[in-house]
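What follows is a single structure, written as structure tokens, with notes after it.
The values are calculated or read from the model by the stated rules, or taken from the named source; none is laboratory data. Note that the structure is predicted; figures quoted are calculated from it, not measured. Don't worry about glycine lacking a Cβ; one is built from the backbone with ideal geometry, like all the others, and counts go over all protein chains shown. For the accessible areas, the whole protein counts, side chains as well, though only heavy atoms, and no ligand, DNA or RNA atoms are used. Shrake-Rupley method; radii C 1.70, N 1.55, O 1.52, S 1.80 Å.
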Amino acid sequence: MSEATGSVNESSAPASTGATAGATNPTAQGSSNWNMQTTVHSVDQLRQKAPDVYNAMLQGIASSMVGQMKRRQDRLKEIMREARRAAGIR
């Protein structure tokens with residue numbers, strides 16, 4: 001597997017593409033300037049230049065948060081069950 005290098009040339013990058021094909025497989029779009037070396041300097045810039053990548057990132061963050069909340073809720077329920085059991089309350 002070869003690694004592509006380069007930078008984003010904003011004038012030739014199509015505005016309507018999500019750039020995920022170029023970001024995941026640099027050779028998927030022969031003329032695409034997006035690759036694994038593409039750099040963005042802010043989340044807003046990522047949202048503008050690669051909306052599909054931005055959305056996937058937000059979904060990943062949200063999924064992680066939901067998982068943490070579920071684990072913490074399950075832990076709290078177990079602590080409450082143990083406390084009720086120790087107190088002799090059903």
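On average, how much accessible surface per residue is there in region 43-84, in Å², for a 1.4 Å probe, leaving out ligands, DNA and RNA?
Details: 3400 Å² over 42 residues.
On a per-residue basis, region 43-84 sits at 81 Å².
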* Estimate the FRET efficiency between SER42 and MET69 by the formula 1/(1 + (r/R0)^6), using the beta-carbon distance for r and 22 Å for R0, to the nearest 0.05. => 0.20
* Structure fact -> A 1.4 Å probe over the protein heavy atoms gives region 43-84 a carbon and sulfur accessible-area percentage of 58
* Structure fact -> Protection proxy (average C-beta count within 10 Å per residue), highest first, orders 52-63, 71-82 as 52-63, 71-82
